[in-house]
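As structure tokens, the structure follows; a few thoughts come after it.
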Amino acid sequence: MHPKLLNTALAVDEIMHHDISPLCAADIRDQLQKRFAYLSGGRGQDGSPVITFPDYPAFGDVPDQDFQNVMTYLTSIPSLQDAGIGFILVIDRRQDRWTSVKASILRIAASFPANLQLVLVLRPTGFFQRTLSDLAFRFNRDDFKMKVPVIMLSSVPELHGYIDKSQLTEDLGGTLAYCHSRWLRHRTAIESFALLVKQTAQMLQTFGTELAETELPNDVQSTSSVLLAHTEKKDRAKEDMRLALVEGRRVLESIHEPLARSPDQSPNQDQLDSQSTVHRLLAQLNETEAAFDEFWAKHQQKLEQCLQLRHFEQDFREVKSALDVLAQKVTTFTDVGNSLAHVQHLLKDLTGFEEKSSAAVQRARTLSQEGERLIEHKHYAVDSIRPKCHELRHLCDQFAADVERRRGLLGKSLELHGLLEASMKWCDEGIYLLASQPVDKCQSQDGAEAALQELERFLETGAENKIQELSKIFQDYEPILTKDLLEHVQRVFQKQESVEEMFHRRQASLKKLAAKQTRPVQPVAPRPEALTKSPCPSPGIRRGSENHSSEGSALRRGPYRRAKSEVSEGRQGRGGSTGDEESLAVLRRHVMKELLDTERVYVEELLCVLEGYAAEMDNPLMTHLISTGLQNKKDILFGNMEEIYHFHNRIFLRELENYTDCPELVGRCFLERMEEFQIYEKYCQNKPRSESLWRQCSDCPFFQECQKKLDHKLSLDSYLLKPVQRITKYQLLLKEMLKYSKSCEGAEDLQEALSSILGILKAVNDSMHLIAITGYEGNLSDLGRLLMQGSFSVWTDHKRGHAKVKDLARFKPMQRHLFLHEKAVLFCKRREENGEGYEKAPSYSYKQSLNMTAVGITENVKGDAKKFEIWYNAREEVYIIQAPTPEIKAAWVSEIRKVLTSQLQACREASQHRALEQSQSLPLPTPAGTSPSKASTRNIKKLEERKTDPLSLEGYGGPTPQQRAPEKGKGWSKTSHPSETPEDNDGWSSTEEPVNSSDAEEEGRAGPGKLVPGRYTVTRLDEKGVSDVLALRSGDEVELVQEGDEGLWCVRNLSSGVEGWVPARSLSTLLCQGGPVGCLSSPESSAGSAVLSPSSSCSESCTAALADLQG
């Protein structure tokens, strides 16, 4: 603390003589007001102060303590110099008696606290009292033993001989102006001001001590609070000092006031002393204020520097943390890319990362500069600031170096992948060139030479596009050569060598053809008929070659990024078939390249949407742009797009790239990941909600700002449609790949993958319809898998029980949307919604449902090939269904038949359980070569096991193509057209016995011995050869697929999947004996060999079987 602040209080005491006498006028105001003694301000000839004791009759009654206090106070007022000379006492006792004079003198002599120079006594004026006082004073002189002489004066003029009249008051015959009350006011004011100065000094001293002892906080908030609190206290102290100065000036003016009224009157010494005292107090106050200001300036500077330091330290921690995060992220950029496009994407990501991190780096550099400025301005914490500045510069430089090093590696990777892409493109074009050269034209010398020149011209382009030295590649690109990339480089180089070898072999062949010497032939005029027999290429061949070349050119112009070694390289030495195989291989590679290119673009677009839109919805800086209706609805708008992105980016894309070498095997990749594709069902189910939200908020400024940042020409809704478009794109690419891979190893997998993708599309489409059903109180999942769904016209014809009046006769059909599940069929009413896009999607009001355990069907209805019947509870309720097309009807009838057949089979298994245990019958082995087409049978069996049909998005399955029959080129027919199928015995049920089928009686019966396509059960095994061919046993279910020539039927054993051609006569023996032809089961058949007819049920047999099981 400043030393002057410590000494101010002592200086005030010294000025006011409080160090000698601490009494103040305010303390003894009542005693002073009695005026039994006063200090008029007069001086003796040597400057000694004059204290006057006026005539005061009650002087003897003044208490000793009061007298002592007044004497002490009066003697403390003059300066120490004047008081050191000694006081002159003037005792006026002219109106008193000698006894009082004596008592007064003795009292003063006994208790006067200061030095005395002279005592002047005006004795009583009466004759008797004056005579008495002379005698008494003469005889009692020894009683007044005082250190100073006591002079008895008889009159005032005598007094003037000792003290000048100008130093005496008017009552003593002098001219000195004196007002006791005014003197008392001045003294009180001066002392009050002195006390105020002292208190102010003490307050400043305490405040200064507090400031000096304050510990500097360690955080910004506390430092700011301390600085604010100290500033407020300083302002209050300054205000107190200002008020003290105002008070001092007012006191000084009150002292000058009498003199201003009487300019001729000169101030007495006491007045001069009072003015001097006030001036000294004001000077002391000014010095104190200046000292405090100086101290405060230093303290304030220290607090401000502390606040600057705390801000610097806080910013340093934040910036360093940000730089550490950036440095950590840089270390994660280890991927050097696996293709040219991938490297370009990585470079783009690196550039974007550098742009995003530039703000943090710039902030770090700015903070370092601020630290340097603090050091230049003599900050007290230089030792703490300078190391932090150095660390910030080091981190910035290190980050820039890491990014630049990373960019250099990616640049090398980009260069290497460019070389590999160029080499691969050169190889592909070379393979295509070899495949596209017409063989017939190369047989002539000119054609061989032309082809040879074409090959040479192409080989000349290899200097720019080929990898020249593999060792140089390893040396130049060693820092980026990962294991996978190294293998890729080696494969490309091997492929390049293989292509060059192919060219060299082709060149050798062409050179031999070009070098052949044609034998000399005598020119003769050809006969006219010879012109028609001259060999020439077939127009069809030429046209096909030209079309192939055109197609290859179009494919070559198609965009692609990367291809690896060809799986067809091992087929180079296969003679004339090499060109066709190479052409198909090129086409497969182009399809694979398109699949990979579009997959990478798709992944990039998903990432762009997730980062540019979805992530920005959580950005606090963008919150003000998001409308109220859009807040907290990110999951609705984007669905599970993030899940789809991670699946494709982390798994599917990488696995697809593994099949670049063998594109014909890519079907395996789809089959292995088919379960993961179910995530699209969730996305498509959410799409209507997402579309509705977009319609409501599409004009939100948030979307416009994000689209502007991403520089997208299309709005967000176009990108939200990408997953739907992508899942439908796969089946097109798989069809193309299958088209060029029919003779390859992976053809079956491609076919199965295509069927599975189509099944997923159907499931997605069905699920979007299911979620639109309203009014169904149960759980739709309890109804089993949704098999089919579609819209139909429905008539009702309820023949039993009570029906609603409106259902008794319906001439106008109801429009119903049917949902066929494994356990029930649902009837719903389709309701179109208003709106656009997905908001226009229909909803379905639930009307009723039929349990499949009580359902039967009549496949054909007279008069309309598009109608069929669904009846319930033995035709108590009959629903006539009209499909939009006969194909849709056939698909539905087939699917319902499968459901009923599976139910019937379950009943049979229950009833046959005991019989099968007793008979212990074993299936006969299947002889080799009995199937019309072994490969076809295997494919059909495989498809049966997988139960995967290529169903369309309309909700019904197309007819499954069948095998060709071996006789006379007859082919397997599709499912029989309803108009071609007899209209008798076409009812199917799993709840009624054949003898109870109403359709058998109402619709009529087939002619004798007439077989129709359908499913039957084997009742006997009389025909040993037939049973051996088809591996039949009693109770097996077979399907009559197609009637061929010469009375043969194509029959499929549904239990084993074996197919064969069987005479119709043998079928009649196997499938039926006795009884009408329309009922292909025998009444005498045992319970273990119950037969399914085209119009059959199993309620009684099932009931009996269940009763047996329960028993």
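Structural remarks
- Tabulated pairs, the stretch 819-848, first of a type in the set (A, V, I, L, M, F, W, C) and assigned to a loop (DSSP other than H, G, I, E, B), second open to solvent by less than 60 Å² (accessible area, probe 1.4 Å) and at pLDDT 70 or above, C-beta under 8 angstrom, 6+ apart or interchain: ALA841/PRO688; ALA841/MET768; ALA841/ALA772
- Count of the stretch 600-613 residues which are in contact with a Leu (Cβ under 9 Å, 6 or more places away or on another chain), among the hydrophobic types (A, V, I, L, M, F, W, C) and either within 23 Å of THR660 (Cα to Cα) or open to solvent by 10 Å² or more (accessible area, probe 1.4 Å) (or both): 2
- Test: residue in the stretch 44-60 that is farther than 24 Å from VAL121 by Cβ and among the charged types (D, E, K, R): no
- Any hit, the stretch 47-61, residues being surrounded by 16 or more Cβ atoms within 10 Å (Cβ to Cβ), modelled with pLDDT of 85 or more and touching a Pro at 6+ places or on another chain (Cβ under 8 Å): yes
- A count restricted to the stretch 755-790 and to residues that are of a type in the set (Ser, Thr, Tyr) and closer than 22 Å to LEU850 by Cα stands at 4.
- Count of the stretch 859-882 residues which are assigned to a loop (DSSP other than H, G, I, E, B) and without any contact (Cβ under 8 Å) to a residue 24 or more places away in the chain: 1
- Scanning the stretch 865-894 for residues that are under 53 Å from the mean Cα position of the chain (by Cα), open to solvent by 40 Å² or more (accessible area, probe 1.4 Å) and within 16 Å of VAL825 (Cβ to Cβ) turns up just one, GLN882.
- Checking LEU656, LEU671, LEU665, LEU693 one by one, the residue that is under 18 Å from VAL603 (Cα atoms) and hydrophobic (A, V, I, L, M, F, W, C) is LEU656 and no other.
- Hey, ASN140 over 60 Å from the mean Cα position of the chain (by Cα), modelled with pLDDT of 80 or more and not hydrophobic (A, V, I, L, M, F, W, C) or not: no
- Of VAL666, VAL601, VAL586, all but one fail to be in contact (Cβ under 8 Å) with a residue 40 or more places away in the chain and under 18 Å from TYR730 (Cβ atoms); the exception is VAL666.
- Scanning the stretch 149-195 for residues that are of a type in the set (Val, Ile, Thr) and either open to solvent by 20 Å² or more (accessible area, probe 1.4 Å) or in contact with a helix residue (DSSP H, G or I) (Cβ under 8 Å, 6 or more places away or on another chain) (or both) gives VAL150, ILE151, VAL156, THR175, THR188, ILE190.
- Restricting attention to the stretch 273-289 and to residues that are open to solvent by 50 Å² or more (accessible area, probe 1.4 Å) and touching a residue at least 60 places away in the same chain (Cβ under 8 Å), the residue that is nearest to HIS379 (Cα to Cα) turns out to be GLU287.
- Looking only at residues in the stretch 244-272 that are closer than 26 Å to GLU289 by Cα and open to solvent by 90 Å² or more (accessible area, probe 1.4 Å), the one that is modelled with the lowest pLDDT is GLU253.
- In the stretch 670-679, the qualifying residues are those that are part of a helix (DSSP H, G or I) and more than 21 Å from the chain's Cα centre (by Cα), and the one that is surrounded by the most Cβ atoms within 10 Å (Cβ to Cβ) is PHE670.
- The single condition from (1) closer than 30 Å to THR125 by Cβ; (2) touching a Lys or Arg at 6+ places or on another chain (Cβ under 9 Å); (3) not charged (D, E, K, R) that PHE193 fails is (1).
- The sole residue among PRO387, PRO438 that is open to solvent by 40 Å² or more (accessible area, probe 1.4 Å) and touching a Ser or Thr at 6+ places or on another chain (Cβ under 6 Å) is PRO438.
- Of the residues making up the stretch 294-335, those that are touching a residue at least 60 places away in the same chain (Cβ under 8 Å), more than 16 Å from PRO217 (Cα to Cα) and basic (Lys, Arg) number 1.
- The number of residues in the stretch 490-510 being buried (at least 17 other Cβ atoms within 10 Å of the Cβ) and over 21 Å from LEU416 (Cβ atoms) comes to 4.
- The residue that is nearest to VAL499 (Cα to Cα), counting only those in the stretch 444-453 that are open to solvent by 70 Å² or more (accessible area, probe 1.4 Å) and free of Cβ contacts under 8 Å to residues at least 40 places away in the same chain, is GLN453.
- Of the numbered criteria (1) modelled with pLDDT of 90 or more; (2) surrounded by 16 or more Cβ atoms within 10 Å (Cβ to Cβ), the one GLU655 fails is (2).
- Evaluating GLU210 against the criteria (1) surrounded by fewer than 16 Cβ atoms within 10 Å (Cβ to Cβ); (2) at pLDDT 85 or above leaves one unmet condition, (2).
Residues are listed down the side, and each one gets a yes or a no for (1) within 13 Å of LEU307 (Cβ to Cβ); (2) touching a residue at least 12 places away in the same chain (Cβ under 8 Å); (3) among the acidic types (Asp, Glu):
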| position | (1), (2), (3) |
| --- | --- |
| GLU213 | no, no, yes |
| VAL220 | yes, yes, no |
| GLU232 | no, no, yes |
| ALA237 | no, yes, no |
| ASP240 | no, yes, yes |
| VAL251 | no, yes, no |
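- Within the stretch 397-429, if we keep just the residues that are buried (at least 22 other Cβ atoms within 10 Å of the Cβ) and not hydrophobic (A, V, I, L, M, F, W, C), the residue that is modelled with the lowest pLDDT turns out to be ASP428.
- Checking each residue in the stretch 734-760 for being open to solvent by less than 50 Å² (accessible area, probe 1.4 Å), out of contact with any Lys or Arg (no Cβ under 9 Å at 6 or more places or on another chain) and farther than 27 Å from LEU787 by Cβ picks out only ALA747.
The values are calculated or read from the model by the stated rules, or taken from the named source; none is laboratory data. A quick note: this is a predicted structure, and the numbers were derived from the prediction, not measured. Every residue, glycine as well, gets a Cβ built from its backbone with ideal geometry; the counts of neighbours run over all protein chains shown. Side chains included, ligands, DNA and RNA excluded: accessible areas come from the protein's heavy atoms. Shrake-Rupley method; radii C 1.70, N 1.55, O 1.52, S 1.80 Å.
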